[in-house]
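First the structure, in the form of structure tokens, and then the observations on it.
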Amino acid sequence: MTSPVYNRVALIGLGLIASSMFWAMKRGGLAGDVTGFARSEATRDTARRIGLCDRVCDSVADAVADADLVVLCVPVGAMGAVAQEIAPHLKAGATVTDVGSVKRDVIDAVGPHLPEGVHFVPAHPLAGTEHSGPESGFAELFDNRWCLLVPVEGSDVDAVAQLRALWEGMGANVDEMDADHHDLVLAVTSHTPHLIAYTMVGVADDLRRVTDSEVIKYSAAGFRDFTRIAASDPTMWRDVFLTNKDATLEILGRFTEELFALQRAIRTGDGEHLHQYFTRTREIRRGIIEAGQDTAAPNFGREAPKA
Ligand code: NAP
């Protein structure tokens with residue numbers, strides 16, 4: 001039996017990421033005792049019913065008291081208010097971390113509330129699904145996925161090392177990154193693709209009214225993949241775009257330029273341009289599979305839908 005990385009962990013917000021962390025910590029014996037808090041009674045009741053957390057608390061103060069690690073697992077736009085609420089109840093020497101998909105905004109919103117003697121080590125696990133809520137989590141979510149730690153100026157090296165050990169114990173590969181760089185990289189790999197998926201599904205929805213649900217009935221794999229992404233939590237993604245504004249707009253600008261170039265190639269019949277472009281993008285897919293970040297199995301390894 002390995003010894004826990006932290007004696008007491010508090011999870012604030014009990015959705016997909018928090019519940020996956022709880023099951024992963026249990027799987028690895030990484031935390032002695034885990035408390036949890038969510039703002040709604042419904043979520044707390046569900047958590048109690050399914051055994052999510054060793055103790056579900058009715059107040060955030062109770063949840064964080066005595067915790068060695070406090071993990072903020074709420075939407076990015078709510079991080080600042082939650083930090084302000086927990087601040088007076090944090091134990092000296094505790095570490096506060098978060099799992100938000102945007103880092104600069106969270107650092108600016110959370111950092112100023114934390115008292116002297118509490119360590120702040122922001123983090124972002126690059127793993128998720130389109131599901132949310134306390135029942136959506138599972139222990140394997142972080143296996144072989146990246147978790148980026150984004151230490152702030154003066155972050156305590158031991159506190160960073162301890163958090164790294166927790167994420168590694170939960171199955172993740174860990175890297176460190178600067179906040180602004182993180183936000184730009186994620187704008188390319190996650191945020192802008194989500195926006196494009198939302199747009200494509202929105203366009204199809206408009207069309208659906210014209211074609212009387214043919215878009216749904218004959219939905220091909222490409223569109224189905226977009227719909228999965230576009231089913232992601234509206235609150236979480238609203239906050240991502242509002243807080244990673246500059247990087248997303250920068251990448252969207254580049255995207256629009258490329259789209260115009262492809263549009264022109266189609267209009268002018270420039271097959272060479274299209275072929276070269278698609279050859280280049282295919283290489284990126286190969287790279288992702290070689291890096292072990294996806295499967296080469298047909299249909300992304302999913303079972304065929306039942307007829
Ligand atoms: P989720 O399943 O929707 O759960 C969100 C939790 O936050 C719920 O417990 C909810 O409480 C609580 N919450 C919502 N709004 C709040 C507010 N204004 N004040 C206080 N609590 C609030 O979300 P999630 O997918 O776990 O995401 C949590 C964080 O992880 C987000 O910052 C997100 O950016 C980040 N993240 C998500 C993914 C992903 O793919 N989903 C991946 C990596 C990182 P109630 O249940 O009581 O409403």
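Against the definition (in contact with a Phe, Trp or Tyr (Cβ under 7 Å, 6 or more places away or on another chain) and open to solvent by less than 50 Å² (accessible area, probe 1.4 Å)), how does Ala172 come out, yes or no? Against the criterion (in contact with a Phe, Trp or Tyr (Cβ under 7 Å, 6 or more places away or on another chain) and open to solvent by less than 50 Å² (accessible area, probe 1.4 Å)), Ala172 qualifies.
Annotation note: Cβ proximity below 9 Å between a residue of the stretch 235-263 that is at positive phi and a residue that is of a type in the set (Val, Ile, Thr) (sequence gap 6+ or interchain) occurs for no pair. For Phe138, work out the one condition from (1) within 15 Å of the ligand (Cβ to nearest atom); (2) surrounded by 17 or more Cβ atoms within 10 Å (Cβ to Cβ); (3) more than 13 Å from the chain's Cα centre (by Cα) it doesn't fulfil. So the condition that Phe138 fails would be (2).
Taking the stretch 49-64 as the range and being under 19 Å from Leu90 (Cβ atoms) and either open to solvent by 40 Å² or more (accessible area, probe 1.4 Å) or not small (Gly, Ala, Ser) (or both) as the test, the residues that pass are Cys53, Arg55, Cys57, Asp58, Ser59, Val60, Asp62, Val64.
Out of His182, His119, one residue alone is crowded, with 21+ Cβ neighbours inside 10 Å and either of a type in the set (Asp, Glu) or more than 14 Å from the chain's Cα centre (by Cα) (or both). It is His119. Can you find, within the stretch 21-48, the residue that is farthest from the ligand (Cβ to nearest atom) among those that are among the β-branched types (Val, Ile, Thr) and open to solvent by 10 Å² or more (accessible area, probe 1.4 Å)? Among those that are among the β-branched types (Val, Ile, Thr) and open to solvent by 10 Å² or more (accessible area, probe 1.4 Å), it is Thr46. Once the stretch 1-20 is narrowed to residues that are at pLDDT below 95 and polar (S, T, N, Q), the residue that is farthest from the ligand (Cβ to nearest atom) is Ser3.
Restricting attention to the stretch 196-229, the residues being open to solvent by 40 Å² or more (accessible area, probe 1.4 Å), closer than 21 Å to Thr256 by Cβ and at pLDDT 85 or above number 7.
The values are calculated or read from the model by the stated rules, or taken from the named source; none is laboratory data. Since the structure is predicted, the reported quantities are computational estimates derived from the model, not experimental observations. Counting neighbours? That spans all protein chains shown, and the Cβs are built from the backbone with ideal geometry, glycine included. Keep in mind that these areas ignore ligands, DNA and RNA; they rest on the heavy atoms of the full protein, side chains included. Shrake-Rupley method; radii C 1.70, N 1.55, O 1.52, S 1.80 Å.
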